[in-house]
């Protein structure tokens, strides 16, 4: 019979590098104690912790899901409830480790507390649920029951149940034993838990693998060229920035131009007007912006809120290409653009907004009257790649911005499959204040340091 | 607009709360509960309140005791919460405690409904396989009672550790946000890059009294 630490190690053996794991109350809250500081795992709790931590004997300002005082490990972040919700609904969690109160033979489970916690959304948006629990409760009653109490809220999902003597898999189709400790028969197990249960045809003896750390997080790339090497033709690419050169990943834009991927759809506030506006550009120079991609014939379509030059006498590259019929445009109001980006990263398929109702923007879109006001339905935006501009990053990918350079960066980062950040410097993990990190490392895949001698002007 | 946001007591900051109000209270398992404001609310002669509060399940807190007291005093008609602690008075069949209806909502959906309201959206749909086309609507909130670590006189606010929880999202969603802060600081003290809740979302500020800190 295995002990609680061994059950935890068994659960840890199912994790893979870079997993983001939501930890429930009870046994799961002990899991961070078995993980090394530099392992590429990110834990998330109901209380708002993101990263890793150790349980503290002294009162701190931070608690885990079980109400224990904790000390955050370097590189961890504190978030509010709505950001935790966004991580869940945006499907940024790979595994949910929980400790149910009772499991039914139907494959559903109930929790100890009345109510829901995060369980309804977790079981809906996380595909792999790992239950770590004891076979019997404190009174010696089985935690496995034929029929769940109808008065309690049931949760259904797919995953694994790890106990001290057996491992089960569960799904809406029911429960099956997949591993059993060698000196026990299925019959013994059935007597212990008091229910009839089937074994999986591939059932194996239960063993606890030796805890083997998953390596070290390394997201730092040597150059923009290396970080954007795999952008395919036809990719959707989010490009941060507001209007001028601030908050724009100039070095990555040059890398993307040199890499040469064609037929790109770019999602950005402008489609490149910094060059024609030229705020603060030295005389005789041109600032790098989206125009270098358009001039290089890499762009098929832009989704933007401000695609044209403020002056018709100095049209932008995109404007000229649009007039020549070489590019398509989807015009989006600025607030709607921010909201569509946020939707993409938070699992929102579409939303109703009053912005643009009754205008050309509403053409072809669902409309709805809510409390006498007209709303239109807009959809979330996702991308294959996102290039953003941070100020400082740590090796885990936690990012802070500088002044108004923040703009669309923070809302874009969670919405792309691969987010690449260009930063001024990489600082030692633990340097950035966990209260002030704007973009969590879970949303950042690749980090490139802007070369010291790089000029944003051509 | 220059209006002074500082109030010398919880009673003054909360005196215009009326019967039937929807009130959000921040907190998670005791962390980030505005104790002074909750205790004041429990003493007020109000009825038919709709309370949005994440009732602690692991430990009994002053907040949960006050909510139970208010339920006993028949002041709350509806409690909207992700979790409800085991209570002998809670009837799982009717979802009632005494005369209070308990409406359970998952944390994720509660947070999102508050954000829908705060962001001025009409409703949202999740990209989901199974539940599909269920629309989530905003949740109206008249007053938010939130707990701040540091607030400047403009209402700019930062939090401390896991005490952050529902405070920022409730501040955005509510018509009137009352922040109980541990530390009232001069304008300019807080780093503009690190302020979590901008002052535009905070209408009234009360300093935590030593008494409620000890409690």
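The values are calculated or read from the model by the stated rules, or taken from the named source; none is laboratory data. Model, not experiment: these values are computed from the prediction. Don't worry about glycine lacking a Cβ; one is built from the backbone with ideal geometry, like all the others, and counts go over all protein chains shown.
Computed quantities for the displayed model
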| item | result |
| --- | --- |
| Residue ID - nearest to residue A:8 (Cα to Cα), chosen from residues in the stretch A:171-187 that are out of contact with any strand residue (DSSP E or B) (no Cβ under 9 Å at 6 or more places or on another chain) and without any contact (Cβ under 8 Å) to a residue 24 or more places away in the chain | A:183 |
| The stretch A:399-409 - residue that is part of a helix (DSSP H, G or I) and buried (at least 21 other Cβ atoms within 10 Å of the Cβ) and, of those, farthest from the chain's Cα centre (by Cα) | A:406 |
| Test result for residue A:124, surrounded by fewer than 24 Cβ atoms within 10 Å (Cβ to Cβ) and either part of a loop (DSSP other than H, G, I, E, B) or more than 9 Å from every other protein chain (Cβ to nearest Cβ) (or both) | no |
| Residues being part of a strand (DSSP E or B) and either over 19 Å from the mean Cα position of the chain (by Cα) or free of Cβ contacts under 8 Å to residues at least 24 places away in the same chain (or both) - total across the stretch A:25-44 | 1 |
| Any chance residue A:239 is at pLDDT below 95 and either outside the structural domain of residue A:177 (by TED's automatic domain parsing) or touching a helix residue (DSSP H, G or I) at 6+ places or on another chain (Cβ under 9 Å) (or both) | no |
| Counted residues, the stretch A:75-90 - those being under 21 Å from residue B:195 (Cα atoms) and either in a loop (DSSP other than H, G, I, E, B) or more than 10 Å from every other protein chain (Cβ to nearest Cβ) (or both) | 5 |
| Residues located in the stretch A:420-434, provided they are surrounded by 18 or more Cβ atoms within 10 Å (Cβ to Cβ) and within 14 Å of another protein chain (Cβ to nearest Cβ) | A:432, A:434 |
| Those residues of the stretch B:15-30 which are crowded, with 24+ Cβ neighbours inside 10 Å and either out of contact with any strand residue (DSSP E or B) (no Cβ under 6 Å at 6 or more places or on another chain) or within 14 Å of chain A (Cβ to nearest Cβ) (or both), in sequence order | B:24, B:25, B:26, B:27, B:28, B:29 |
| Flag for residue A:119 being surrounded by fewer than 17 Cβ atoms within 10 Å (Cβ to Cβ), within 14 Å of chain B (Cβ to nearest Cβ) and either farther than 19 Å from residue A:167 by Cα or in contact with a helix residue (DSSP H, G or I) (Cβ under 9 Å, 6 or more places away or on another chain) (or both) | no |
| Qualifying residue in the stretch A:377-394 (condition: touching a strand residue (DSSP E or B) at 6+ places or on another chain (Cβ under 8 Å), surrounded by fewer than 16 Cβ atoms within 10 Å (Cβ to Cβ) and part of a strand (DSSP E or B)) | yes |
| Matching option when the condition is within 14 Å of residue B:52 (Cα to Cα), at pLDDT 95 or above and more than 13 Å from every other protein chain (Cβ to nearest Cβ), among B:174, B:111 | B:174 |
| Failed criterion for residue A:94 (all others in (1) over 26 Å from residue A:436 (Cβ atoms); (2) surrounded by 21 or more Cβ atoms within 10 Å (Cβ to Cβ); (3) within 18 Å of the chain's Cα centre (by Cα); (4) away from every other protein chain (no Cβ under 11 Å) hold) | (2) |
| Verdict on residue A:12 being buried (at least 24 other Cβ atoms within 10 Å of the Cβ) and more than 10 Å from every other protein chain (Cβ to nearest Cβ) | no |
| The lone exception for residue A:66 - which of (1) within 20 Å of the chain's Cα centre (by Cα); (2) facing chain B (nearest Cβ under 9 Å); (3) touching a residue at least 24 places away in the same chain (Cβ under 8 Å); (4) under 26 Å from residue A:153 (Cα atoms) it fails | (1) |
| Test: residue in the stretch A:145-161 that is in contact with a helix residue (DSSP H, G or I) (Cβ under 7 Å, 6 or more places away or on another chain) and surrounded by 23 or more Cβ atoms within 10 Å (Cβ to Cβ) | no |
| Failed condition for residue B:191, given (1) surrounded by fewer than 15 Cβ atoms within 10 Å (Cβ to Cβ); (2) part of a loop (DSSP other than H, G, I, E, B); (3) modelled with pLDDT under 95 | (3) |
| Enumerated helices (runs of 4 or more DSSP H) restricted to the stretch A:252-358, each holding at least 1 residues that are surrounded by fewer than 16 Cβ atoms within 10 Å (Cβ to Cβ) and at pLDDT 95 or above | A:317-323, A:334-346 |
| Some residue of the stretch A:280-298 being in contact (Cβ under 8 Å) with a residue 60 or more places away in the chain, touching a strand residue (DSSP E or B) at 6+ places or on another chain (Cβ under 9 Å) and closer than 30 Å to residue A:83 by Cα | no |
| Condition check for residue A:444: in contact (Cβ under 8 Å) with a residue 12 or more places away in the chain and more than 9 Å from chain B (Cβ to nearest Cβ) | yes |
| Where residue A:226 falls short, out of the listed (1) surrounded by 21 or more Cβ atoms within 10 Å (Cβ to Cβ); (2) assigned to a helix (DSSP H, G or I) | (1) |
| Restricting the stretch B:38-70 to residues that are within 14 Å of another protein chain (Cβ to nearest Cβ) and assigned to a helix (DSSP H, G or I), the residue that is nearest to residue A:119 (Cα to Cα) | B:64 |
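Each row is one residue, and each column tells you yes or no for (1) touching a residue at least 24 places away in the same chain (Cβ under 8 Å); (2) touching a helix residue (DSSP H, G or I) at 6+ places or on another chain (Cβ under 6 Å); (3) on the phi > 0 side of the Ramachandran plot.
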{"position": "B:18", "(1), (2), (3)": "yes, no, no"}
{"position": "B:27", "(1), (2), (3)": "yes, yes, yes"}
{"position": "B:35", "(1), (2), (3)": "yes, yes, no"}
{"position": "B:38", "(1), (2), (3)": "yes, yes, no"}
{"position": "B:50", "(1), (2), (3)": "yes, no, no"}
{"position": "B:69", "(1), (2), (3)": "yes, yes, no"}
